[in-house]
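Novice: Here it is, the structure, as structure tokens.
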Amino acid sequence: MDLGTRKILDRSFTAVGVTSILLMAMALLVVIVPIFSNGIGAIFFKGTIEHRKLQYNEFRKGNPDVLQQQITETDSYRNNAFSIVEAFEAEMEGMEPGEKKKEYASQYTSVRKILAHLLGPLPGDMEPILLRYQYGATRWEKAEEALHELMFVTKWDYSDPTKMATQYFVPRADEFAGTALADLFPYMENNLEKMLLPEQTFYWGFITERSLDAHIFGGIWAEIQGTFFLAVGAMLFAFPLGVIAAIYFTEYAKDNFFTSILRSANSTLAGVPSIVFGLFGLAFFINTMKVSESKSVLAGSLTLAIMILPTIIRAAEEAILAVPKTYKEASLGLGSTKWRTIVTVILPAALPGIITGGIISLGRAAGETAPIIFTAAVSVGATIGLADVFNSPTPALSWNIYNLASEHEAANEIRHVQYGMVLALISIVLLLNLSAILLRARISQKLKG
Amino acid sequence: MQMTAEEREVNKVAAKSGANREIFLPPERERVKDGGKPHVSAKNFSIFYGNFEAVKKVNADILSKYVTAIIGPSGCGKSTFLRAINRMNDLIPSCYTTGTLMFDGEDVYGRYTDEVQLRKKIGMVFQKPNPFPKSIFDNIAYGPRLHGVKDKKMLEEVVEKSLRKAALWDEVKDRLDRNALGLSGGQQQRLCVARTLAVEPEILLLDEPTSALDPKATAKIEDLIEELRGSYTILIVTHNMQQASRVSDYTMFYYEGDLVEYAPTKQLFTNPRDQVTEDYITGRFS
Ligand SMILES: Nc1ncnc2c1ncn2[C@@H]1O[C@H](COP(=O)(O)OP(=O)(O)O)[C@@H](O)[C@H]1O
Ligand SMILES: [Mg+2]
């Protein structure tokens, strides 16, 4: 091949390589950017007075004097709205029974509902049991959505059967034209900010607080802690076991049938889908071994441990095999025993690789959903203590992301929590991987001198 | 060749301890005190890799406190023989031996021989310098610590003594806590010698210790061997015939697994008995 052709080939390969890397980077951005921008909204958002009330009542956070002053301030605006509502109720009282009144009544029910959604229980409402009805809109963007719903009735246009129905909005004020309630709509539109006093909020508690009323309010500490317990628990079992197995494979196992069976079993295990591990965990650890009565952190950790074991063994094996043979010869030549050589020379030299494998497995254990569905995870649960790990299940990020997005009764209302959890999980895994890289670099540096 | 009175005396001692060939001492000026006893003796000693006989029925005594060189073309079994002495070949699963190899009156491949204890008495330096990725101090102290020395002061003494013996002390005394991999190749090799000496072995096995070094570092290692001669039995594999003639008292020539000739170095290089030896040392093949 002549020089010209070779250069052209080199260049075109470079171009293809760079393009594919750029494409991957873009794909990654497309995923990461919305996760980040939505997820960060769980911590940074415009919080209303309702958020601050909730924070004070449930967690005793915030300044009560300032809060009281703001409540007084907002109440004065809210009371005007409530007076309009009262006036309209009185007006309805005096109406002739009939179609018109029924129509008003049903529309008015919606209005009351939305108002309660915005401002919390209205005068005359029953004391709500669920926390989610005890407070109005805690987030300003949710309040704005509710306001829009208050201002307009959503209708669907089915007139053209060849097309999908189209949405259109009718001002609610028109429906109540001529009644006392007509005043409510412009009043709410103009004064909502004064009734809710939105402030830029930095809600650190999203990470450190427990969830309230099934994640409608509060934070995700229980999930973070559960993830932590499960992943660390899995590591406690899998890491020592994996390293010992790797030492056995590399230093002690003879090349025979038994060893080759063990090796291929290990490789096969690495390729088994994680849901299979989940079912295995349920069948083996809970039903057969009875490590706990039902789901528990212990059972989940053991299941995750089995799942990550092959990876740890593989990484440790590779790291040990990469240690120059000359170290071993030098040590044995000085009269060291095999075991001592392994402990004082081979393992320290293999440590960067072993640790990298370990931390990457830790990240995987933290992120996997399927193995813990049947063995450890509950969708909504209390924060557990360290002593409970033997018999309590726990919420965990991976499983709750799925659960909140697909099975939660108000999944649409709490998108910010779902994204916040995703962001938390990604951050944890990234942090773990980053620390693996740093640790590895530090140890290799030390070994190189 | 005529035996001197002293050589006859040495041979009497040697015969008692199982020597199987006559021992000729090197010329007068190179004599060492209390040397010349068979330290390692091979009898019909063969080494196999599977079915392949890499070293064939060797009969030889290696004499204490002298320097013996092993020369021969690449692949003739020099390393294999050397590594058999401290049972380094145990690491190769297919490798086994027949015949006997005695070290210090002990059967190296005896059923009850503890190879770990044996290796403490046999120091080995390899072709490529192989310091541990630890500090200079920890490298030297590795052996003594292994054998139970814990006292900091004693360790410091051993480290200094060994480094001085290996002629490295002056170069590294201010940076004992630095990683040994930061040293130059020649320094690393002398560190490996020092690390070996720290265990106070009786015999040093050097497998082409200078083949990875530049001429200056090579000269230092050769000087070092000269220094150590008379205190340790030294067995050095080299592919460099000048080196063999410079540093050794005796030379073994191996060819295709056979120990073709074994004689005082001067004699082997000036007046070889075997035609193959002559061809080799005159450079007719290599
Ligand atoms: N681990 C091994 N397995 C099989 N054969 C080997 C092994 N090591 C060396 N040999 C063979 O044994 C012979 C002698 O090797 P070696 O002692 O290393 O030679 P030298 O050191 O003289 O160059 C060579 O033919 C080599 O191919
Ligand atoms: Mg060799």
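The values are calculated or read from the model by the stated rules, or taken from the named source; none is laboratory data. Since we're looking at a predicted model, the values are computed, not measured. No Cβ is skipped: glycine too gets one built from the backbone with ideal geometry, and neighbour counts run over all protein chains shown. We work out accessible area using only protein heavy atoms, side chains counted, and drop any ligands, DNA or RNA first. Shrake-Rupley method; radii C 1.70, N 1.55, O 1.52, S 1.80 Å.
To keep it simple, each residue is scored yes or no on (1) open to solvent by 50 Å² or more (accessible area, probe 1.4 Å); (2) within 14 Å of chain A (Cβ to nearest Cβ).
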| site | (1), (2) |
| --- | --- |
| B:Tyr109 | yes, no |
| B:Gln117 | yes, yes |
| B:Lys120 | yes, yes |
| B:Phe126 | no, yes |
| B:Gly143 | no, yes |
| B:Ser162 | no, yes |
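This table checks each residue for (1) away from every other protein chain (no Cβ under 14 Å); (2) open to solvent by less than 10 Å² (accessible area, probe 1.4 Å); (3) away from ligand 2 (no atom under 16 Å from the Cβ); (4) of a type in the set (S, T, N, Q).
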{"residue": "B:His39", "(1), (2), (3), (4)": "yes, no, yes, no"}
{"residue": "B:Asn51", "(1), (2), (3), (4)": "yes, no, yes, yes"}
{"residue": "B:Gly72", "(1), (2), (3), (4)": "yes, yes, no, no"}
{"residue": "B:Ile92", "(1), (2), (3), (4)": "no, no, no, no"}
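Novice: List pairs: first residue in the range B:264-284 and of a type in the set (Asp, Glu), second residue outside any helix (DSSP H, G or I) anywhere in the structure, Cβ distance under 7 angstrom, at least six positions apart or on different chains.
Specialist: From the range B:264-284, the pairs are B:Asp274/B:Val260; B:Asp274/B:Glu261; B:Glu278/B:Pro272; B:Asp279/B:Phe285.
Novice: Could you pull out the residue among B:Leu204, B:Leu228, B:Leu259 that is more than 16 Å from ligand 2 (Cβ to nearest atom) and either of a type in the set (Phe, Trp, Tyr) or surrounded by 21 or more Cβ atoms within 10 Å (Cβ to Cβ) (or both)?
Specialist: Result of the check over B:Leu204, B:Leu228, B:Leu259: B:Leu204.
Novice: Regarding the range A:238-257, can at least one residue be identified that is part of a helix (DSSP H, G or I) and within 30 Å of A:His408 (Cα to Cα)? Walk me through it before giving the result.
Specialist: The initial filter retains those residues of the range A:238-257 that are part of a helix (DSSP H, G or I), namely A:238-252, A:257.
Now restrict to residues that are within 30 Å of A:His408 (Cα to Cα): none.
No - not one qualifying residue is present in the range A:238-257.
Novice: I'd like to verify a number: residues in the range A:111-127 that are open to solvent by 30 Å² or more (accessible area, probe 1.4 Å), free of Cβ contacts under 8 Å to residues at least 24 places away in the same chain and not basic (Lys, Arg), how many? Before the answer, list the steps.
Specialist: First, pick out the residues of the range A:111-127 that are open to solvent by 30 Å² or more (accessible area, probe 1.4 Å): A:112-113, A:117, A:121, A:123-127.
Checking the rest, the ones that are also free of Cβ contacts under 8 Å to residues at least 24 places away in the same chain come to A:113, A:121, A:124-127.
Checking which are not basic (Lys, Arg) leaves us with A:121, A:124-127.
Matching residues across the range A:111-127 total 5.
Novice: Exactly one condition in (1) within 16 Å of ligand 1 (Cβ to nearest atom); (2) within 22 Å of B:Leu259 (Cβ to Cβ); (3) of a type outside the set (Lys, Arg) is not met by B:Ile122; state its number.
Specialist: (1)
Novice: Hey, could you check the range B:145-154 for residues that are more than 9 Å from chain A (Cβ to nearest Cβ) and not in a loop (DSSP other than H, G, I, E, B) and say which is surrounded by the most Cβ atoms within 10 Å (Cβ to Cβ)? So that I can check it myself, show each step before the final result.
Specialist: Keep residues of the range B:145-154 that are more than 9 Å from chain A (Cβ to nearest Cβ), which gives B:148-154.
Restricting the remaining residues to those that are not in a loop (DSSP other than H, G, I, E, B) gives B:152-154.
Numbers: B:Lys152: 9, B:Lys153: 7, B:Met154: 12.
Filtering first and then ranking leaves B:Met154.
Novice: Kindly indicate whether any position in the range B:132-140 is within 12 Å of chain A (Cβ to nearest Cβ), in a helix (DSSP H, G or I) and of a type outside the set (A, V, I, L, M).
Specialist: Our first condition is that a residue be within 12 Å of chain A (Cβ to nearest Cβ); within the range B:132-140, this holds for B:132-136, B:138-140.
Restricting the remaining residues to those that are in a helix (DSSP H, G or I) gives B:136, B:138-140.
After this cut, where a residue has to be of a type outside the set (A, V, I, L, M) as well, the list is B:138-139.
Within the range B:132-140, one or more residues are within 12 Å of chain A (Cβ to nearest Cβ), in a helix (DSSP H, G or I) and of a type outside the set (A, V, I, L, M).
Table: residues versus (1) at pLDDT below 90; (2) touching a His at 6+ places or on another chain (Cβ under 9 Å); (3) surrounded by fewer than 22 Cβ atoms within 10 Å (Cβ to Cβ).
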position	(1), (2), (3)
A:Tyr327	no, no, yes
A:Leu347	no, no, yes
A:Gly357	no, no, no
A:Ala365	no, no, no
A:Ala376	no, no, no
A:Val380	yes, yes, yes
A:Thr383	yes, no, yes
A:Leu386	yes, no, yes
A:Asn400	no, yes, no
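Novice: Of all residues in the range B:164-198 being basic (Lys, Arg) and either open to solvent by 60 Å² or more (accessible area, probe 1.4 Å) or within 12 Å of chain A (Cβ to nearest Cβ) (or both), which is nearest to B:Tyr232 (Cα to Cα)? Before you say what the answer is, go through the steps one by one.
Specialist: Keep residues of the range B:164-198 that are basic (Lys, Arg), which gives B:164-165, B:173, B:175, B:178, B:190, B:195.
When the remaining residues are screened for being either open to solvent by 60 Å² or more (accessible area, probe 1.4 Å) or within 12 Å of chain A (Cβ to nearest Cβ) (or both), the result is B:164-165, B:173, B:175, B:178, B:195.
On the way: B:Arg164: 16, B:Lys165: 12, B:Lys173: 25, B:Arg175: 28, B:Arg178: 29, B:Arg195: 15 Å.
Among them, the one singled out is B:Lys165.
Novice: Taking the range A:11-52 only, how many residues are open to solvent by 60 Å² or more (accessible area, probe 1.4 Å), more than 19 Å from A:Gln418 (Cβ to Cβ) and hydroxyl-bearing (Ser, Thr, Tyr)?
Specialist: Residues of the range A:11-52 that are open to solvent by 60 Å² or more (accessible area, probe 1.4 Å), as a first pass: A:11, A:13-14, A:16, A:18-19, A:21-24, A:26, A:28-33, A:36-38, A:44, A:46.
Those left that are additionally more than 19 Å from A:Gln418 (Cβ to Cβ): A:11, A:13-14, A:16, A:18-19, A:21-24, A:26, A:28-29, A:46.
Filter once more, keeping what is hydroxyl-bearing (Ser, Thr, Tyr): A:14, A:19.
Count: 2.
Novice: Next question, about the same structure. Which of the residues that make up the range A:330-345 are open to solvent by less than 20 Å² (accessible area, probe 1.4 Å) and at the interface with chain B (Cβ under 7 Å from one of its Cβ atoms)?
Specialist: Filtering the range A:330-345 for residues open to solvent by less than 20 Å² (accessible area, probe 1.4 Å) gives A:330-336, A:341-342, A:345.
A:Ala330, A:Leu332, A:Gly333, A:Leu334, A:Gly335, A:Ser336, A:Val345 - these are the residues of the range A:330-345 that are open to solvent by less than 20 Å² (accessible area, probe 1.4 Å) and at the interface with chain B (Cβ under 7 Å from one of its Cβ atoms).
Novice: Kindly indicate whether A:Ser301 is away from chain B (no Cβ under 14 Å) and touching a Phe, Trp or Tyr at 6+ places or on another chain (Cβ under 8 Å). Before you say what the answer is, go through the steps one by one.
Specialist: Numbers: away from chain B (no Cβ under 14 Å): yes; touching a Phe, Trp or Tyr at 6+ places or on another chain (Cβ under 8 Å): yes.
Answer is yes for this residue.
Novice: Further, regarding this structure: If you scan the range A:388-398, which residues turn out to be open to solvent by less than 30 Å² (accessible area, probe 1.4 Å) and in a loop (DSSP other than H, G, I, E, B)?
Specialist: A:Ser392, A:Pro395, A:Ala396
Novice: Among the numbered criteria (1) within 14 Å of chain B (Cβ to nearest Cβ); (2) open to solvent by less than 40 Å² (accessible area, probe 1.4 Å), which one does A:Gly420 miss?
Specialist: Of (1) within 14 Å of chain B (Cβ to nearest Cβ); (2) open to solvent by less than 40 Å² (accessible area, probe 1.4 Å), only one is false for A:Gly420: (1).
Novice: Select, from A:Tyr133, A:Tyr104, the only residue that is modelled with pLDDT of 90 or more, in the same structural domain as A:Tyr77 (by TED's automatic domain parsing) and aromatic (Phe, Trp, Tyr). Break it down stepwise before answering.
Specialist: Numbers: A:Tyr104 fails: modelled with pLDDT of 90 or more.
On inspection, the qualifying residue turns out to be A:Tyr133.
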